[in-house]
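Below is one structure, written out as structure tokens, with a few remarks after it.
The values are calculated or read from the model by the stated rules, or taken from the named source; none is laboratory data. None of these values were measured; they are calculated from a predicted model. Don't worry about glycine lacking a Cβ; one is built from the backbone with ideal geometry, like all the others, and counts go over all protein chains shown. Just the protein is used for accessible areas: all its heavy atoms, side chains included, with ligands, DNA and RNA removed. Shrake-Rupley method; radii C 1.70, N 1.55, O 1.52, S 1.80 Å.
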Amino acid sequence: MEFLLNRYRNLAVLLVAILVQLALLAYQARTNQDVRLIRVWSVAAVAPLAKVIEAGRSGTFHFFRDYFVLLGVREENRKIKADLERTEMENQYLRAQLSTAENAKTLRIFQASSESKTVAAHVIANTTDTGANVLIDRGSSDGVQKGMAVVTPAGIVGEVISVFSKASFVLLVIDPTFAAGVVSEKHHVHGTLKGHDYGTVTVEHVQNEQTVDQGEWFLTSGDDGIFPRGTPVGQVTIVREGRNQKEIYVTPSGLQNGLEDVLVIVNGVHGAIPDTPPVDQPVHLLAPPGPDESSADAPAQSGAHQTDLDRVVQEKRAAAASQGQVYGEKNTPAPDSNLPPKNPDPSHPPPHP
């Protein structure tokens, strides 16, 4: 480097002198816009670099500004989402509370209007180990016994099968081991309600000749000693003739709205509980139901339900009694039906033939 400077010293000095003179001339010279020429050159040389620097600075500034703005928007969106989730949970809770309050109100109204004595219970667990069972929070200390009916205002639910001090197991109507006596509301057709593995119920032991309509309601008949007569069971969804008996499928009305609160019938409308010797737990049974309300218009006399054979037997007994014989007694001849029967009471003459 020192060699080059020594060799081209004169040329280097000349170039420096020319550049200085050009700078002095540019400083003294002016453009048409009254701007010094040196300033024009310096601006032209610096402007591209300044433009690049400014573009980088502006892009960096906008990037960080948008980044922090997006962070704020993201945080705001997160808060809004959390508020919406909390509001939805509150709405669900309020809906559940409203539904529970409505169910409780319905149960109170049903208890007040029902002639049966009932105990309100809450379903606290579902079990699958022994079939379609649920666990309720009422037991022997509340008067619940094995064999009692469990219902809701909409219909029957099941039967108490195990009783503890503060809880009880209830066998639901959809369990295959469940059975109850039922009768159709319109045609008064009697049958047996049975549960099935696939969660449906059917009415069995109904002959093909008997009439059951689709949509017809079935009610409990009271013949099973568990459910009081007249409790809703469900509506017929499918009815068709089978091979030997009708195939009748029923939608259980007591299970349609879910199971939260139920009623245990501790004393049915049919009267006192009979004293049944328990095997391992006392079994609650209702007394047999009285005459069906649908037959209230029928005569109360026993003769209104007699058959032709019953009337013939009565006539034979009356004829035998008038002839001093006992109809049906061993080694006694048959009474003579051609003889008019004697009138044992003169105040009531026999009717003319």
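Structure values in brief
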quantity: Residues located in segment 213-224, provided they are open to solvent by 10 Å² or more (accessible area, probe 1.4 Å) and over 25 Å from the mean Cα position of the chain (by Cα); calculated: ASP213, ASP223, ASP224
quantity: Residue among VAL236, VAL250, VAL264 that alone is modelled with pLDDT of 85 or more, touching a helix residue (DSSP H, G or I) at 6+ places or on another chain (Cβ under 9 Å), outside any loop (DSSP other than H, G, I, E, B) and open to solvent by less than 40 Å² (accessible area, probe 1.4 Å); calculated: VAL264
quantity: Answer residue from segment 143-170, given it is in a loop (DSSP other than H, G, I, E, B) and in contact with a helix residue (DSSP H, G or I) (Cβ under 9 Å, 6 or more places away or on another chain) and is surrounded by the fewest Cβ atoms within 10 Å (Cβ to Cβ) among those; calculated: SER165
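Residue-wise test of (1) touching a Lys or Arg at 6+ places or on another chain (Cβ under 8 Å); (2) at pLDDT below 75.
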| residue | (1), (2) |
| --- | --- |
| ASN10 | no, yes |
| LEU37 | yes, yes |
| VAL52 | no, no |
| ASP66 | no, no |
| ARG78 | no, no |
